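Since the structure comes first, as structure tokens, the remarks are kept for the end.
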Amino acid sequence: MKVFKVIFSVILCMVLWSAGVQAATIGFSPANPTVSLGSTFSMDIVGQGFPVTEGGGVNLSYNKNIVNVLTVTIDDLVWEFLNDTGTINNTTGNLDALWVASFAGRGPNFTVATIQFQAVGLGTTPLTMTEYNLNPWASGGSEINPLFNAGSVNVTAVIPEPASIVLMGTGLAGMLGLARRKKQ
């Protein structure tokens, strides 16, 4: 009986460990970039650790005073069946109903979409994703229930590099030198 309990415990631990290692996640790449005010930058929504999936969808929220979504791009060669780039609402800070689907199935790692943002204010905004309920992530008709990893964007003021300041100072000094020569 003791041997049976030990074997059962070992098998249970292996199953739980492999389930944890194989947990499907949806997140961002890069996850937490720092960008300059006024800049335009892109982030990918990526899936990792999935069994073969036919697709699914996400909703995204962000601080509209720090970033705005400009465009959403989905690779039609990867998600060849149907897809929708969702509805961008920079007034509320939401991207709703972005979804993808494939006949071939995708996994274990894939890019869902590329989002182009513009940094419109200083500070840090969380990027929070939730599942789009009308198109949940699925494999063979069964829901997957991935973990959604939040990201963030830190927007900083544009500060000139020291080398740029030195270069500008050297140029001004040269112009002053030329002006003095012409006066003499």
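General observations
- Extension gain (nm, one decimal) between THR40 and PHE148, 0.36 nm per residue minus Cα-Cα: 36.4 nm
- For GLU143, net neighbour charge (Lys/Arg +1, Asp/Glu -1) across residues whose Cβ lies under 13 Å away: -2
- Amide H to amide H, with H built 1.01 Å from N, ASN149 comes under 5 Å of ILE26, GLY27, counting only residues 5 or more places away or on other chains.
- Evaluating 6.51 cos²θ - 1.76 cosθ + 1.60 at θ = phi - 60° for every residue in the stretch 83-95, the Karplus couplings come out as 7, 9, 6, x, 10, 8, 9, 6, 6, 9, x, 9, 10 Hz, glycine and proline recorded as x.
- Accessible-area ranking of LEU176, LEU134, largest first, probe 1.4 Å: LEU134, LEU176
- In this rough spin-label picture, where each label sits 7 Å from Cα along the Cβ direction, the LEU82-ALA138 distance is 1.1 nm.
- Separation of the THR71 and ALA97 label points, Cα + 7 Å toward Cβ, nm: 2.2 nm
- Amide hydrogen proximity for GLY86: with H placed 1.01 Å from N in the peptide plane, the residues at 5 or more positions away or on another chain lying under 5 Å are TRP99.
- Rounded to the nearest Hz, the phi-derived 3J(HN,Hα) couplings of the stretch 35-46 under the Karplus curve 6.51 cos²θ - 1.76 cosθ + 1.60 (θ = phi - 60°) are 10, 8, 3, x, 7, 10, 8, 10, 9, 9, 8, 10, where x marks glycine and proline.
- A Förster radius of 45 Å, combined with the Cβ-Cβ distance separating THR156 from ASN109, puts the computed FRET efficiency at roughly 0.90.
The values are calculated or read from the model by the stated rules, or taken from the named source; none is laboratory data. Everything quoted here is computed from the prediction, not taken from an experiment. Because the Cβ atoms are built from the backbone with ideal geometry, glycine has one as well, and the counts that use them run over all protein chains shown. Accessible surface areas use protein heavy atoms only, side chains included; no ligands, DNA or RNA. Shrake-Rupley method; radii C 1.70, N 1.55, O 1.52, S 1.80 Å.
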